[in-house]
Amino acid sequence: MSPSRSDPQSPYSPKAQQIIQRTNELLASGGYNGFSYADIAELVEVRKASIHHHFPTKADLVKVTVVLHRDATRRGLQSLDQSMPDPLERLMAYSRFWAECIEQSNPPICICAVLAAELPAVPAEVADEVKGHFKDLHAWIAAVIEEGQSTGKMQLTDTPSAESSMFMASIHGAMLAARAAGDASLFWDIAKLSTDRLRKA
């Protein structure tokens, strides 16, 4: 649920896609203020002027990176909706996706989780996209949980919206906990507890 390394359907040139991919990696490792155009220029082997040609400012570049992350996430969630009729299995599949990403460090964390921790110190146009990502994700999780309740697959202790907030906080908190501990397996330990608590006995 993050951008692929090369997308032939992308409106961006192959070089611009490389720049975006490296930006995604740098955001995941150090956040908005953890890199510069000089870092990207070295990784992509272009001059800084070439990066400015594609993306005039750092805010432009990071905004595009987050927009593509949001698009990939939407497609991934839609795929789960279409391929998994069981709502609890859908939540588990979402958690497993991130467990595998964190285990393989590809990416090691959701870039929106990193950027959210930096709010309000990031440019407004980037912050708006980050907030939009969490709004969309909250709505999807709440809908899945509501379906789980109505079909008798899940038992809730609060409203679907409140349960969605709790699940989302657990997942993103688990990402940070795994990073802090240097233990990728910690993510799944926490994520599994978050889904198990919703499972109807």
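Quick notes on this one:
- ALA174 at pLDDT below 95 and among the hydrophobic types (A, V, I, L, M, F, W, C): no
- Tabulated pairs, segment 90-103, first farther than 19 Å from MET154 by Cα and touching a residue at least 24 places away in the same chain (Cβ under 8 Å), second among the polar types (S, T, N, Q) and part of a helix (DSSP H, G or I), C-beta under 8 angstrom, 6+ apart or interchain: GLU103/SER185
- When residues of segment 165-183 are limited to those that are under 16 Å from ALA113 (Cα atoms) and of a type in the set (Gly, Ala, Ser), the one surrounded by the fewest Cβ atoms within 10 Å (Cβ to Cβ): ALA180
- When segment 120-153 is filtered for residues that are closer than 19 Å to PRO85 by Cα and loosely packed, with under 14 Cβ neighbours inside 10 Å, the ones remaining, listed by number, are ALA139, SER150, THR151, GLY152.
- Evaluating TRP140 against the criteria (1) farther than 16 Å from GLU89 by Cα; (2) touching a residue at least 24 places away in the same chain (Cβ under 8 Å) leaves one unmet condition, (1).
- Some residue of segment 33-53 being under 18 Å from PHE134 (Cβ atoms), touching a residue at least 24 places away in the same chain (Cβ under 8 Å), in a helix (DSSP H, G or I) and touching a Leu at 6+ places or on another chain (Cβ under 9 Å): no
- Restricting attention to segment 153-190, the residues that are part of a loop (DSSP other than H, G, I, E, B) and not acidic (Asp, Glu) add up to 7.
- Scanning segment 27-40 for residues that are in contact with a Phe, Trp or Tyr (Cβ under 8 Å, 6 or more places away or on another chain) and more than 12 Å from CYS110 (Cα to Cα) returns no hits.
- The residues in segment 65-87 that are of a type in the set (A, V, I, L, M, F, W, C), surrounded by 17 or more Cβ atoms within 10 Å (Cβ to Cβ) and closer than 20 Å to GLU146 by Cα can be counted, and the count is 2.
- Among the residues making up segment 100-152, those that are among the β-branched types (Val, Ile, Thr), more than 16 Å from GLY173 (Cα to Cα) and not in a helix (DSSP H, G or I) are VAL122, THR151.
The values are calculated or read from the model by the stated rules, or taken from the named source; none is laboratory data. Just so it is clear, the structure is predicted and the values come from calculations on it, not from any experiment. Positions of Cβ are backbone-derived with ideal geometry, glycine not excepted, and every protein chain shown enters the neighbour counts.
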